[in-house]
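Colleague: My structure is below; once you've seen it, I'll send some questions.
The values are calculated or read from the model by the stated rules, or taken from the named source; none is laboratory data. Being a predicted model, the structure only gives us computed values, none of them experimental. Reconstructed Cβ throughout: ideal geometry from the backbone, glycine too, with neighbour counts over all protein chains shown. Just so you know, the surface numbers come from the protein's heavy atoms only, side chains and all, with ligands and any DNA or RNA stripped out. Shrake-Rupley method; radii C 1.70, N 1.55, O 1.52, S 1.80 Å.
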Amino acid sequence: MPVAVHITPHNMSREDYDRVIAELDASGAGEPEGRLFHAAYGEDEVHMFEVWDSPDQFDAHSDRLFAVIQGAGLDAGTVNVHPLHSPHPD
């Protein structure tokens, strides 16, 4: 079942976000299998919203994501995972 994932790191600036994404891309983890959609929003507090094929696929990627966020000196904050009502989140 597809899931929506809302990631709210503490004090992540746009520059921090750009560094995290660049590191994920450089490591080959920028386009993980099972992620259907990714968006980031906010100026001084960047949050991320993603849609995944399943919670297991998000879990397989989350350790790498959180390691990169923490490696950038940031607190990964809160992560909320919610089942979607539609198998086609479009």
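Colleague: Can you tell me how many residues within segment 1-60 are out of contact with any helix residue (DSSP H, G or I) (no Cβ under 8 Å at 6 or more places or on another chain), of a type in the set (Ser, Thr, Tyr) and either in contact (Cβ under 8 Å) with a residue 24 or more places away in the chain or over 28 Å from residue 86 (Cβ atoms) (or both)?
Modeller: Within segment 1-60, residues that are out of contact with any helix residue (DSSP H, G or I) (no Cβ under 8 Å at 6 or more places or on another chain), of a type in the set (Ser, Thr, Tyr) and either in contact (Cβ under 8 Å) with a residue 24 or more places away in the chain or over 28 Å from residue 86 (Cβ atoms) (or both) number 4.
Colleague: Since residue 17 meets every condition but one in (1) modelled with pLDDT of 95 or more; (2) open to solvent by 90 Å² or more (accessible area, probe 1.4 Å); (3) not basic (Lys, Arg), which condition does it not meet?
Modeller: (2)
Colleague: I'd like to know if segment 59-71 contains one or more residues that are within 19 Å of residue 31 (Cβ to Cβ), of a type in the set (Asp, Glu) and within 13 Å of the chain's Cα centre (by Cα).
Modeller: Yes, that holds for at least one residue.
Colleague: Tell me which residues, restricted to segment 3-13, are over 16 Å from residue 50 (Cα atoms) and either crowded, with 16+ Cβ neighbours inside 10 Å or at pLDDT below 95 (or both).
Modeller: 10, 11, 12
Colleague: Separate question: Only residues that are open to solvent by 40 Å² or more (accessible area, probe 1.4 Å), of a type in the set (Gly, Ala, Ser) and outside any strand (DSSP E or B): list them for segment 28-61, please.
Modeller: Those that are open to solvent by 40 Å² or more (accessible area, probe 1.4 Å), of a type in the set (Gly, Ala, Ser) and outside any strand (DSSP E or B): 28, 60.
Colleague: Starting from segment 64-79, take each residue that is farther than 14 Å from residue 17 by Cβ and of a type in the set (Val, Ile, Thr) and list its partners that are at pLDDT 95 or above and surrounded by 13 or more Cβ atoms within 10 Å (Cβ to Cβ), counting only C-beta distances under 6 angstrom and pairs at least six apart or across chains.
Modeller: Once the first residue is farther than 14 Å from residue 17 by Cβ and of a type in the set (Val, Ile, Thr) and sits in segment 64-79, its partners that are at pLDDT 95 or above and surrounded by 13 or more Cβ atoms within 10 Å (Cβ to Cβ) give 78/8; 79/7.
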